[in-house]
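Take a look at the structure set out below.
The values are calculated or read from the model by the stated rules, or taken from the named source; none is laboratory data. Source: prediction; values computed, not measured. Every residue, glycine among them, receives a Cβ derived from its backbone with ideal geometry; neighbour counts consider all protein chains shown. Keep in mind that these areas ignore ligands, DNA and RNA; they rest on the heavy atoms of the full protein, side chains included. Shrake-Rupley method; radii C 1.70, N 1.55, O 1.52, S 1.80 Å.
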Amino acid sequence: MLLLLRRVATLRGARGLAGAPARRLSGAARRHEKKGLGEESTLRPLYMDVQATTPLDPRVLDSMLPYLMHYYGNPHSRTHAYGWESESAMERARQQVASLIGADPREIIFTSGATESNNLAIKGVARFYKSRKKHIITTQTEHKCVLDSCRYLEAEGFRVTYLPVKRNGLIDLKELEDALQPDTSLVSIMTVNNEIGVKQPISDIGQICSSRKVFFHTDAAQAVGKIPMDVNDMKIDLMSISGHKIYGPKGVGAIYIRRRPRVRLEPLQSGGGQERGMRSGTVPTPLAVGLGAACEVSQQEMEYDYKRISVLADRLITKIMTEIPDVVMNGDPEHHYPDTLFLNYAGCINLSFAYVEGESLLMALKDVALSSGSACTSASLEPSYVLRAIGTDEDLAHSSIRFGIGRFTTEEEVDYTVQKCIQHVKRLREMRFEPPGQQNPPLTLATTSSQVTGSTYGTIIENTPWNPGGRVLIRYCLLPRQLLNYLALQRGYMLRSVRRHPPR
Ligand SMILES: Cc1ncc(COP(=O)(O)O)c(C=O)c1O
């Protein structure tokens, strides 16, 4: 225990070291270093992917430690002190979560994360009211777990309207009003988008839903703890929260379910009836305590974090956009500048670098942990559906990178990322091969699977007017898309489109 606490103290100390460059820089810095007998540590890239997950705040870890070791009782045990201790910690955590969003603690149900909360809200409400209401409204740019829950319901006979978004990523409120039908039970619209960072007009949506007596659910995984959210002011009936997006532990989240007027839902799982019967299963006390602490810290630090993150985001955007031409900011550029009214969320910046393959840039920026979008879909060959929904063309969608700035991001880290980004975008653009008098020929990546080995084969084909069948440029097996891109770039080509061949 002492050892662990000392480690936390060291972690805290380390935060004070601006940038800690030795941990972050140069290719050599990424090699494995032998530390002692059988002990190996890796010098890792700096972290700029806070939309995927956030590091644990040391204060959160502090609060969890006693419940991982000493207070191990089942919080649902009613007959002894072990149970009571855990129960009181769990109830304190419930209060901390409720306080952050202006709710009553009895309206907070612990879950395993926002995926579960979203499933519970959407499937639970739809199924409970299905005898009278069979219609749901959501948007095209929701997180996969919302879209998949809706698809699931469609297969059960529900109708779902997927609202389009405007070029800036925001919905048109008039379209929402027009989409409401007499049998609409639920509107589910996320607060802050996890790929482009735009914030929907939640209060206006809440107002529309309440005046039409339709329940309003918001996936606030990327918003809670970062911008003020008040379920009563915003007329929200259900809200999803995730622990690991707010410097809390992974594997825990919560759902807010309004009591007045009461929202009813069908639980997803059967069991001991914990959490008011809405989520059976033992509440993991240390994780719930961690979520509560993360909410409390976020509430205390929100204003400070918000200002700091806004300034750092502005620094990153301004430097990149002034140094590199043909960079497009995806989302709503107006909403990325620091303001004091918490109107926007600045920490999620999505930029498209024209003429550069996003995957190649990600590979070149190996000292920085970045992503091209949602962690859930980052293995897919398809361009982001969120970028497609805002009208980004396929080439630009393939050239986008998401920069995530969070509570622990330093100015030095931002400057380092910017400097490397400028250097590599320029280099990759220079590498593009333009045959005299004609455009860079598009390349197609064709993938096939072998029935014998089950392996996937990747082939890069040059498609040119004088070579309509496509000349095979590179043929490799078991290649991820990034590597194919990289090889194509080395040969002076840019990968434009992807064609999938059915398995032979
Ligand atoms: C907007 C949004 N909703 C839901 C989720 C899923 O959250 P969790 O990992 O807690 O299940 C995420 C995480 O990627 C997210 O960004």
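Using Cβ point charges alone (K and R +1, D and E -1), the dipole size of the range 229-316 about the Cα centre works out to roughly 320 debye.
I'd like to check one number: the per residue accessible area of the range 75-167, probe 1.4 Å, reported in Å² as a whole number. Walk me through the intermediate numbers first.
Values: 3940 Å² over 93 residues.
Normalised by residue count, the accessible surface of the range 75-167 is 42 Å².
Please give the net charge around SER203, taking every other residue with its beta carbon less than 12 angstrom from that of SER203, where Lys and Arg add +1 and Asp and Glu add -1. Please list the in-between numbers first.
Numbers: positive: LYS199, LYS235; negative: ASP204, ASP230, ASP233.
Net local charge, SER203 excluded: -1.
Of the Cα atoms belonging to the range 161-247, the radius of gyration and Dmax stand at 12.7, 41 Å. Length gained on full extension, ALA354 to GLU430, computed as 0.36 nm times the residue gap minus the Cα-Cα distance: 26.1 nm.
Among rounded, prolate and oblate, which fits the range 64-204 when a ≥ b ≥ c are the square roots of the eigenvalues of its C-alpha gyration tensor, a/c under 1.5 means rounded, and a/b larger than b/c means prolate?
Values: a/c = 2.70, a/b = 1.94, b/c = 1.39.
Taking the square roots of the gyration eigenvalues as a ≥ b ≥ c, the range 64-204 is prolate.
Basic side chains Lys and Arg get +1 at the Cβ, acidic Asp and Glu get -1 at the Cβ, and with that the dipole of the range 63-183 about its Cα centre reaches some 260 debye. When peptides 314-324, 97-107, 241-251, 71-81 are sorted by average Cβ neighbour count within 10 Å, with the highest value leading, the order is 241-251, 97-107, 314-324, 71-81. Extending 7 Å from Cα along the Cβ direction at ARG92 and again at ASP104 yields two label points whose distance is 2.4 nm.
Descending by average beta-carbon neighbour count within 10 Å, the peptides 394-405, 259-270, 196-207 line up as 394-405, 196-207, 259-270, the highest first. Structural descriptor for the range 174-321: relative contact order 17 percent, calculated from alpha carbon pairs under 8 angstrom and at least 6 residues apart.
Looking only at the range 139-241, where both bridge partners belong to it, what percent of the DSSP beta bridges are antiparallel (to the nearest 5)?
On the way: 1 of 8 bridges.
Close to 10 percent.
Protein heavy-atom surface of the range 48-105, 1.4 angstrom probe: 56% of the accessible area is carbon and sulfur, with nucleic acids and ligands not counted.
Can you tell me, using C-alpha contacts under 8 Å and at least 6 residues apart, the relative contact order of the range 64-111 as a whole percent?
Working: 41 pairs, mean separation 10.5, N = 48.
The normalised contact order for the range 64-111 reaches 22 percent.
Once Rg and the Kirkwood radius are both taken over the C-alpha atoms of the range 257-359, their ratio Rg/Rh works out to 1.18.
Stretched out straight at 0.36 nm per residue, the stretch from ILE422 to TYR152 would grow longer than its current Cα-Cα span by 92.9 nm.
Note on LYS426: lysines with a C-alpha under 18 Å away, same-chain residues under 8 apart excluded, are LYS319, LYS366. Partners of LYS123 within straight-line reach, counting lysines whose Cα lies under 28 Å from its Cα and excluding those fewer than 8 residues away in the same chain: LYS133, LYS134, LYS144, LYS166, LYS174, LYS199, LYS213, LYS226, LYS235, LYS245, LYS250.
Hey, any idea what % of the range 158-292's accessible area is carbon plus sulfur with a 1.4 Å probe? Please report the intermediate quantities before stating the final value.
Values: 2280 of 4760 Å².
Answer for the range 158-292: carbon and sulfur cover 48 percent of the accessible area.
Volume per residue of the convex hull around the Cα atoms, evaluated for the range 128-196, comes out as 83 Å³.
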